[in-house]
Amino acid sequence: MVRDWPIIVVGSGIAGLCTALAAAPRPVLLLSRRRDGVGSASMLAQGGIAAAMDNADTIEAHVADTMRAGAGHNDSHCVQLLATIAPASIHWLQAQGVAFDNDGDGNLQLGREGGHGVARIVHAGGDATGLRVTTMLAAAVAAATHIEWRSDVEVDGLIRRGGRIAGVHVDNGGSSQTLLGSDVVLATGGIGALFPSTTNPPGANGAGLALALAAGAASRDLEFVQFHPTALDVGAGSLPLVTEALRGAGARLRDGTGRLVMADAHPLGDLAPRDIVARRVWQARRETGAVTLDASGLAIDWPRMFPTVLAACLQHGIDPRWMPIPVTTAAHFHMGGLQTDDIGRTSIPGLHAAGEIACSGVHGANRLASNSLLECVVFGRRLGAYLGKQPAASSHASNDAVAALELVMCGPCLDHEAMQLLRDAMGHAAGPIRTAKGLREASETLAPLAGRGWQARLGQSILACAYRRQASIGAHWRTDEVITSSSAATTAA
Ligand code: SIN
């Protein structure tokens, strides 16, 4: 059966929820795998939301820190938008009912994270910020009369009509359906599940990105993958995050010999930009066998400030109040993705993107801490507001309306064994430290898998971009780099 909707949003993390809410009163069909944001990376986010809320802070300083972390590879117009709209976004979230942590006198408590020159991060429930914000927005969406929310749905195809994307194909657990929409928004998150270890949820496998690429959408900066230096070192796959805010509260990284990992490595020490800390941790683990984050003995109100980290550690028999926490690097955030403009439009009319899947260039070569939930709110709401103002049935107002409907799908998924091969290859070659040789070999490993599953083709695209970019910049670090002035500046930062 075919049904027609003005706007279809795929994904119920903060970007999808904000887009859907802001599109009012135009009707929205929101599709997600699970209910209430469960399974989204937003829900797991511990870091908070960056905004220049303090009198002593400025939009310009937030812009400068974002550009510095991004190694200047950022789209400066989008960065300016992000930082300028940030304070109003915090106020909007408060109006939705999000209670950000305060000092008891009603003043926001501002935390500090890597790459920020000042304390600028607002939290809700300490490190449970993503959970609190997602839950509140999900309740607002559930109450919104212009939104119909269907969960337990897998979007496995895009509908193309003429030169436009005109809907999606869904699998509702056995039965399939075509849903037509004048505007389709992908807010399906990142690609961490293509790597051996990640802080992302298992569903963050790049399926939305692969689908849009199969439909011919342009991509940007696919090689820029951020690795978090401190995932809890308890195996492989989706690992609990140990938030950077803990280093903001004084925790220190030590290698297997007890030496401070960031000693003499950067003027900001343990709070250096994330790419720099991740490379040091990656190297220290190889050289000394282990890295720990020592927060023991700090005067921290653990249950109030870090309930998520505390619970994850205790679940694995580690009491961080008295013991060092074993940590490892893990794929954390994809700066690259579907090329979008400052509203969220992709290169294909009718197809839009918000959140981690989108690449407007706002994060440059390395995202500044706590700018990702901010991006979801700022650009999700911008996109929703734009779509909300579009004339009804815009996809039907052109010659495309008479063109035949065409279904674009990605084809089969890799089986379990092939996924293991892919993750190992991506981890070895496209991790925090890369070489041309490693990238070439990984590409050769994936070549025979390309016909067996879309994940291998997506992996190949990422490897090819990483191979082509010979200079180190931001999170893309080539030890065999061809030195350019911009990479030299990054190295010196
Ligand atoms: C963290 O809490 O360390 C992560 C924050 C972020 O990714 O922005």
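The values are calculated or read from the model by the stated rules, or taken from the named source; none is laboratory data. Quick caveat: nothing in here was measured; it's all calculated off a predicted structure. Don't worry about glycine lacking a Cβ; one is built from the backbone with ideal geometry, like all the others, and counts go over all protein chains shown. In case anyone asks, the SASA skips ligands and DNA or RNA and just uses the protein heavy atoms, side chains included. Shrake-Rupley method; radii C 1.70, N 1.55, O 1.52, S 1.80 Å.
Apply the membrane-span-like helix rule to the chain: whole DSSP H runs, Cα extent along the own long axis of at least 24 Å, mean Kyte-Doolittle hydropathy at least -0.5. List the helices found.
76-95
Under a 1.4 angstrom probe, counting protein chains only, how are VAL281, VAL63 ranked by accessible area, largest first?
VAL63, VAL281
For the range 1-84, which trypsin sites (Lys or Arg not before Pro) are both in a DSSP coil and crowded by at most 14 other Cβ atoms within 10 Å?
ARG35
Using a 10 Å cut-off on Cβ atoms, rank the peptides 170-176, 15-21 from the highest mean neighbour count down.
15-21, 170-176
Note the direction-averaged projected area, equal to a quarter of the hull surface, for the Cα convex hull of the chain, in nm².
22.2 nm²
Can you give the relative contact order of the chain as a percent, counting alpha carbon pairs under 8 Å and 6+ residues apart?
Dividing the mean separation by the residue count of the chain yields 23 percent.
For the range 232-324, state which trypsin sites (Lys or Arg not before Pro) are in a DSSP loop and have at most 16 other beta carbons lying within 10 Å of their beta carbon.
ARG259, ARG321
Per residue, how many Å² of accessible area does the chain show with a 1.4 Å probe?
About 37 Å² of surface per residue is accessible.
Got a number for the accessible area of GLU287? Probe 1.4 Å, square angstrom, nearest 10.
GLU287 has an accessible surface of roughly 140 Å² with all protein chains in place.
For the range 143-195 and the range 103-118, what is the separation of their Cα centres, given in Å?
Rounded to whole Å, the Cα centres lie 38 Å apart.
Positive end of the dipole of the chain, charges at C-beta (+1 Lys, Arg; -1 Asp, Glu), about the Cα centre: which of ALA249, SER175, VAL28 has its Cα farthest in that direction?
SER175
Carbon and sulfur: what percent of the chain's accessible surface (1.4 Å probe)?
Of all accessible area on the chain, carbon and sulfur atoms account for 54 percent.
Could you tell me which of THR134, GLY104, GLN80 has its Cα farthest along the dipole of the range 67-162 towards the positive end, charges placed at Cβ (Lys, Arg +1; Asp, Glu -1), taken about the Cα centre?
It is GLN80.
Restricting attention to the range 281-374, which chymotrypsin sites (Phe, Trp or Tyr not before Pro) occupy a DSSP loop and are surrounded by at most 16 other Cβ atoms within 10 Å?
Counting only loop positions with at most 16 other Cβ atoms within 10 Å, the chymotrypsin sites (Phe, Trp or Tyr not before Pro) in the range 281-374 are TRP322.
Once each part is reduced to its C-alpha centroid, what is the distance from the range 351-376 to the range 56-88 in angstrom?
12 Å
Would you work out the charge dipole size for the chain about its Cα centre, treating the Cβ of every Lys and Arg as +1 and the Cβ of every Asp and Glu as -1, and quote it to the nearest 20 debye?
520 debye
For LEU407, what charge total do you get from the other residues with a beta carbon under 11 Å from its beta carbon, if Lys and Arg give +1 and Asp and Glu give -1?
Around LEU407, the charge tally is 0.
For the chain, build the charge dipole from Cβ charges (+1 Lys, Arg; -1 Asp, Glu) around the Cα centre, then report which of LEU338, THR188, VAL63 sits farthest towards its positive end.
With unit charges placed on the Cβ atoms, the residue in question is LEU338.
Ranked from the most accessible area to the least, with a 1.4 Å probe and all protein chains present, what is the order of HIS363, HIS416?
Largest accessible area first, the residues go HIS416, HIS363.
Quick check on the chain: helices-only [θ] at 222 nm, where DSSP H runs of length 4 and up contribute -39,500 (n - 2.57) each and the sum goes over total residues. Nearest 500, please.
-10000 deg cm²/dmol
Accessible area of TYR467, 1.4 Å probe, to the nearest 10 Å²?
Its heavy atoms expose roughly 90 Å² to the probe.
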